[in-house]
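Reviewing the structure listed below.
The values are calculated or read from the model by the stated rules, or taken from the named source; none is laboratory data. Only a predicted model underlies this, so the values are computations on that prediction, with no experimental measurement involved. Every residue, glycine as well, gets a Cβ built from its backbone with ideal geometry; the counts of neighbours run over all protein chains shown.
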């Protein structure tokens, strides 16, 4: 038990310790709340994904198969591009540049961006 003399020597010591404890408890509680909220968001996202799959018929396996097929086609196209002459490659690079601009516009439209990027 502390005496009045000890309290006079260090009156703020106990208050600082109490504040540290309170801050520690608050941080711990906030961490738990954040984790609970994240778990709820994750569960809802998974539920929505399953609903999307049920409505569209896209299963994880179908998506995986599409990725493999697309990857194979990309590799075939890369091999074909390697056989092209310089003029064809230049045209290809030009078309890629235009396409990236088009995709940016489409993405901005879906994202609701009112100020689309300036054309190059």
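Considering 61, 47, 75, which residue is exposed (fewer than 10 other Cβ atoms within 10 Å of the Cβ) and either free of Cβ contacts under 8 Å to residues at least 12 places away in the same chain or in a helix (DSSP H, G or I) (or both)? Explain how you work it out, then say what you get.
Details: 47 fails: exposed (fewer than 10 other Cβ atoms within 10 Å of the Cβ); 75 fails: exposed (fewer than 10 other Cβ atoms within 10 Å of the Cβ).
Unique residue meeting the criteria: 61.
How many residues are touching a helix residue (DSSP H, G or I) at 6+ places or on another chain (Cβ under 9 Å), part of a helix (DSSP H, G or I) and either at positive phi or at pLDDT below 85 (or both) when one looks only at the stretch 78-114?
Final tally of qualifying residues: 1.
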